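Worksheet for the structure shown next.
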Amino acid sequence: MAPDEFPDDPTDTLRRAWQGQPGPAAPPSLDDVRRRAGQFSRRMLWRNAIEYAAGAFVIPLVAVDIVRGGFNGLVDVGNVLLILGCSYVLFHMYRSAAARALPGEIGMVDALSFHRAEIARQRDLLTSVWRWYLLPFMPGIVVVLIGRGVARPEQWPRAAGTLVGALALAVFIDWVNRRAAQRLQRDIDALDRLASGAETTLAGPEPPSLVERLTMWAILAFSVVVVLVIVAQLLGLIPPTFSWRR
């Protein structure tokens, strides 16, 4: 007989109560992992696109400054170093930070392993941002500021203040990137718990903090304004604020 033919059976009441409770969440499917990996890959793709676009502006602008700014040995050497530093950063991003899509023919275990490896690779890039992203610009900045101070001795205080500001900005960018790396590490830990069976659900990625989002938009806005001002000065639309060379 079917159990529901005994409505007064206490064990049947317990069974019905248990069945009415929310059970454990279903484990993630391969489509869920593909969706998560695709979202992560697109985020990295947009980030890299912004960096490439910035490099596409910076390198020509520095080159124009070399050609049109008049001869100044140290400033020109510093500008060349800036171009080399920016080129190295873009090459390193192309080689090590490129967004990689999840392969088409791949099983569940391999998909999770691939997604984890991609997050770990981006985490490692963020934790080493000082070495490959910030440091390559420093020799050029220092040499340019020294050259401008030599050309205009009255501008030494401005040059020193610019260097201090650049170092402070570099330290802040490194701090923000390390916070982002910690967020990615928490995503990796969640995937490890899923692989070990400690969890049965694929938690959503932790969103960037308010500090990270505000910093990203502030740096982007500042960069756009600086580029527009420099372009306007080079085109003669507005006068230069001051001349370092003459």
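The values are calculated or read from the model by the stated rules, or taken from the named source; none is laboratory data. None of these values were measured; they are calculated from a predicted model. A quick note on method: Cβ atoms are made from the backbone with ideal geometry, for glycine too, and the neighbour counts reach across all protein chains shown.
Miscellaneous remarks
- Scanning the range 71-86 for residues that are surrounded by 14 or more Cβ atoms within 10 Å (Cβ to Cβ) and small (G, A, S) returns G78, G85.
- Within the range 27-42, the set of residues being within 13 Å of R116 (Cα to Cα) and more than 18 Å from the chain's Cα centre (by Cα) comprises V33, R34.
- Per this entry, I230 is not counted among residues that are in a helix (DSSP H, G or I), modelled with pLDDT under 75 and within 15 Å of the chain's Cα centre (by Cα).
- You will find that of R100, R123, the residue that is touching a Ser or Thr at 6+ places or on another chain (Cβ under 7 Å), among the charged types (D, E, K, R) and touching a residue at least 24 places away in the same chain (Cβ under 8 Å) is R100 and no other.
- Scanning the range 85-137 for residues that are outside any helix (DSSP H, G or I) and farther than 24 Å from A195 by Cα gives A97, A98, S128.
- Set A49, A37, A25, A54: member being touching a Ser or Thr at 6+ places or on another chain (Cβ under 8 Å), hydrophobic (A, V, I, L, M, F, W, C) and either assigned to a helix (DSSP H, G or I) or at pLDDT 85 or above (or both): A54
- When residues of the range 113-150 are limited to those that are buried (at least 18 other Cβ atoms within 10 Å of the Cβ) and over 22 Å from the mean Cα position of the chain (by Cα), the one farthest from S41 (Cα to Cα): G149
- Every test in (1) of a type in the set (G, A, S); (2) surrounded by 15 or more Cβ atoms within 10 Å (Cβ to Cβ); (3) not in a helix (DSSP H, G or I) is passed by A198 save one, and that test is (2).
- The residues of the range 168-195 that are surrounded by 14 or more Cβ atoms within 10 Å (Cβ to Cβ), over 30 Å from M138 (Cα atoms) and touching a residue at least 60 places away in the same chain (Cβ under 8 Å), listed by number, are D187, I188, L191, L194.
- Take the conditions (1) in contact (Cβ under 8 Å) with a residue 60 or more places away in the chain; (2) over 30 Å from S196 (Cα atoms); G161 misses just one of them, which is (1).
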